[in-house]
Structure formats: structure tokens, C-alpha cells
Amino acid sequence: MLSFWETESFLNYDTIIIGSGIVGISAAISLKEKAPEKSLLVLERGLFPSGASTRNAGFASFGSLTEILSDLQHTPPETILALTEKRWHGLARLRERLPDSVMNYQHTGGFELLSKKELPALEHIEKVNEVLKPLFPEGTYTNRPDLVKTLGFNPEKVKSVVFNPYEGHLHTGKLMKALLLLAQERGVEIRTGAEVTKIEETNSGIKIYVQDPVRKTVAFQAQKVAVCTNAFSQKLVPELCVKPGRGPIILTKPIPDLKFQGAFDFVEGYYCFRNGGQRVLFGGGRNLAFEQETTTEISYNETILSTLEKLLQEVILPDQKFEIEQRWSGIMGFTEDKQPVIRKLSDRLVMGFACNGIGVSLSSTAGDEIAGLLLEE
Ligand SMILES: Cc1cc2nc3c(=O)[nH]c(=O)nc-3n(C[C@H](O)[C@H](O)[C@H](O)COP(=O)(O)OP(=O)(O)OC[C@H]3O[C@@H](n4cnc5c(N)ncnc54)[C@H](O)[C@@H]3O)c2cc1C
């Protein structure tokens, strides 16, 4: 049962965005920039964002040499360039929106570790640099074998390092908190603990049903709706082809004399690590158990976690003792062709998700595109 006041003031909006992850909240900010007069509500099932955006590794990246080489086997170079462009411009847009100091953005560069088996990738550096030349005319990737020793990696396991000067890392929690605050400052209303259970299109708009412990089911109404629920989208729109992928992370206690700073990855981006002050954050290993990790359940795969600890000791920190302080996992959204899904499902309903594991840089351009679609007549 609702009161007259509740019905008058809390239920009707020009636009509703479902999901307050980095894509949903960026879309909300973009929409308010383009159309400040529109009333806008964001509905989030968790107390705070509860998918990937507050649980990731904080890489501000666009892809590694071996990842792009693998993609080139089945994706045209123009498509790879276009997606890299969206990520790169997205990062610039994010850094315009928020000062680097607010999100602890550090422009350290990106590094990829190559094993002996992967050394042939170096023969294709120029080919990949050529693909990305319109974006980075001076070249993107360079071979830096000297860094194996300087940065303290195990020379038996790491044979070279590929450097690109355009990437960095940031503090994921500070970034998300700042975006949520910015959205609210711009007049976006955000309701948390609001799990959407059903979306229903009618002649006069879209009804969004949310469970409420006091009022049972509450039906919101909007003229336009964007679904930004990423890996969880199939629950709301079953015909969508987004696959969940769980990613685990381990974080060490501070390590005195840590030899590296920056954003590192290896094996086509399946593993990534970085420093966070003197700590090391290390994530990945989904490729060890693709099927088991195709899940929306936020828990751990112990086998993957112990492999991460082993690789951390054997490859990354061969001479240093460390202790693990925290472990967690988050859920990403993937598509077959690694392209994000940003499109209209009807005149009123827009979808925006599946950053395919690289959402920090892509989210601001994705948000702009979603807002553009919401404003189309
Ligand atoms: C372990 C891990 C490490 C990663 N590392 C990086 C990295 O270093 N750099 C990088 O760029 N990317 C990284 N990513 C990927 C990045 O985090 C994602 O691409 C990005 O966060 C996706 O944002 P999103 O808003 O689309 O999805 P999400 O953050 O998942 O947001 C979706 C939101 O929708 C909400 N929701 C779902 N269903 C409902 C419902 N029915 N009703 C209401 N709300 C709902 C969820 O609670 C969630 O808050 C990583 C991801 C993981 C899991």
C-alpha cells in the first residue's frame, strides 16, 4: 500500500537506469550533462554497487600486445582500433570528469610479461603498432627486456617485458565513490537495496518492479529505461547473450622494498597485477576453469587462488616474502566477439553492458553512448 505522497513524489521519472556500476553511473552523469531538466533515477540491488565496478583491479588500460595479436586472428584491425579508441577516449573523459588525485590515478604505463613461449609475439610489435597508429602515431608497444631484472621478476619464467606508456592504475573505491557523489550533485536520485525483478513495457511508458520489505512490490514508471546490469542482465532480459565471468583477486600486506610500480599483465591479459602503494594486487586465472567461472555467484575457486599465490611467488616476487591480506572476487560480463552491447531494444528501452573485463576506461564513452540513445526521439 502506497500513500498519495509516495505515489506523487517517488514513482515517476523521465528516465530510470538499472544498475549503479561504473557504466550505469557514467550513463547517468552523461544524461544529466546533456539534459539536466530530465528527472533521473538509478536503481541498485546492493547497498552499494555489487557486480564488478567496486571489486576490480583498477587498471586504466586498453589491451596488451598478446591480447591484440590474439584478437587480430578473428577480428578486423579497424574493429580493434575502434574499440581501443573508445577505451582511450573514455579514459581521457574520465580524467576530465574527476581529478587524478580524487581517484588516485597514477600514469605508470602498462607492462606485459612474456614467457619463452610468447617471445614470438615480439616479431609482430610493428604490425600491432601499425594497427593503433591513428591513435598513437609514435608507436604503442616497445620491447624492454632490461626490465625483467630491474623490476625483480624471475628470469627463468619471464623472458621479456613489453612496455606501453599510455596506461595507468587507480583506486577503484575512490573512483566509484566520487562518481556516485558527482551523479548526486548533478541531481541524479539513487536508490540502493532496490532489486528490479521485472520490466514491463506499456503504451504510456515502462514499468519497473522492485521488491520492498515494507511495501512488498513497488512499480516505478519511466518514459525511457537503460538496463546496465552487466553480467546479471539475462535475469531481466533472458534473450540477451551476455555471459558472466568470475574474476578472483588476492592482495598482499605491504612489502618493504617492492621493486616495481605500474600496471602489469601476462597471458593475453588473463592475469594482471599492480602495486597499490607497497602492496601487490594480483588477479586472474579465469582461463584455468572457464566453465566453473561462468557464474554470477560471488565466491572463490580455491584452485585458482592457490595458483595465483604460486605464480606470485614464483614469477613476480621470486626474492621477496609476502603475506596475503585479502581475497575477493567480482563478476564480469562477456560477449563472444568481445564487443560491448550498447543498443536499443525498443524505442524506450536501452541496453548498455559487457565491457569484457576492461570497463574502467570504456565506461565514460559507453555512458555517453547510452545517454545519446536514451535521448533519441
Ligand atoms: C576481478 C575483476 C577485476 C577487474 N579488473 C579490471 C581492471 O583492472 N580494469 C578494468 O578496466 N576493468 C576491470 N574489470 C572489469 C570492470 O570492473 C567491468 O568491466 C566494469 O566494472 C563493468 O561495469 P558495469 O557497470 O557494466 O557492471 P557492474 O559493475 O557489474 O554493475 C552492474 C550493477 O548492476 C546491479 N544489478 C544487477 N542486477 C540488478 C537488478 N536486477 N536490479 C538492480 N540492480 C542490479 C549490480 O548490483 C551492479 O552494481 C575487472 C572485473 C573484475 C570482476
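Every number in this text was worked out from the coordinates using simple rules, so none of it is lab data. The shown structure was predicted, so the numbers you read here are calculated from the model rather than taken from an experiment. Note: ideal-geometry Cβ built from the backbone for every residue, glycine included; neighbour counts use all protein chains shown.
I'm trying to understand the selection: among the residues of the range 188-217, which are away from the ligand (no atom under 13 Å from the Cβ), without any contact (Cβ under 8 Å) to a residue 60 or more places away in the chain and surrounded by fewer than 14 Cβ atoms within 10 Å (Cβ to Cβ)?
Those that are away from the ligand (no atom under 13 Å from the Cβ), without any contact (Cβ under 8 Å) to a residue 60 or more places away in the chain and surrounded by fewer than 14 Cβ atoms within 10 Å (Cβ to Cβ): 200, 202, 203, 204, 213, 214, 216, 217.
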Inset, instruction - Quick one: which residue in 182, 175 is within 25 Å of the chain's Cα centre (by Cα), away from the ligand (no atom under 13 Å from the Cβ) and either crowded, with 18+ Cβ neighbours inside 10 Å or farther than 17 Å from residue 9 by Cβ (or both)? - result: 182
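Listed here are the residues, each with its yes/no results for (1) assigned to a helix (DSSP H, G or I); (2) surrounded by 20 or more Cβ atoms within 10 Å (Cβ to Cβ); (3) within 12 Å of the ligand (Cβ to nearest atom).
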site	(1), (2), (3)
75	no, no, no
82	yes, no, no
87	yes, yes, yes
95	yes, no, no
101	no, no, no
112	no, yes, no
117	yes, no, no
Inset, instruction - All but one of (1) within 12 Å of the ligand (Cβ to nearest atom); (2) among the small types (Gly, Ala, Ser); (3) part of a loop (DSSP other than H, G, I, E, B) hold for residue 346, so report the exception by its number. - result: (1)
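Hey, does the range 303-315 have a residue that's more than 22 Å from residue 155 (Cβ to Cβ) and charged (D, E, K, R)?
There is no residue in the range 303-315 that is more than 22 Å from residue 155 (Cβ to Cβ) and charged (D, E, K, R).
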Inset, instruction - May I ask you to list the residues in the range 16-31 that are under 20 Å from residue 365 (Cβ atoms) and either among the aromatic types (Phe, Trp, Tyr) or more than 7 Å from the ligand (Cβ to nearest atom) (or both)? - result: 17, 25, 26, 27, 28, 29, 30, 31
Inset, instruction - Would you point out the residue of the range 32-68, among those that are more than 20 Å from the chain's Cα centre (by Cα) and buried (at least 20 other Cβ atoms within 10 Å of the Cβ), that is nearest to the ligand (Cβ to nearest atom)? - result: 41
Inset, instruction - For the range 333-343, enumerate the residues that are in a loop (DSSP other than H, G, I, E, B), surrounded by fewer than 20 Cβ atoms within 10 Å (Cβ to Cβ) and touching a strand residue (DSSP E or B) at 6+ places or on another chain (Cβ under 9 Å). - result: 335, 336
Legend entry - Residue count, the range 51-73 (criterion: touching a residue at least 60 places away in the same chain (Cβ under 8 Å) and assigned to a loop (DSSP other than H, G, I, E, B)): 12
Legend entry - For residue 233: the one exception among (1) more than 10 Å from the ligand (Cβ to nearest atom); (2) crowded, with 19+ Cβ neighbours inside 10 Å; (3) among the small types (Gly, Ala, Ser): (1)
Legend entry - Members of the range 296-332 found to be of a type in the set (A, V, I, L, M, F, W, C), outside any helix (DSSP H, G or I) and either free of Cβ contacts under 8 Å to residues at least 24 places away in the same chain or more than 16 Å from the ligand (Cβ to nearest atom) (or both), listed by number: 317, 322
Legend entry - Candidates 264, 282, 273, filtered to the one that is within 15 Å of the ligand (Cβ to nearest atom), more than 30 Å from residue 210 (Cβ to Cβ), out of contact with any Gly (no Cβ under 9 Å at 6 or more places or on another chain) and aromatic (Phe, Trp, Tyr): 282
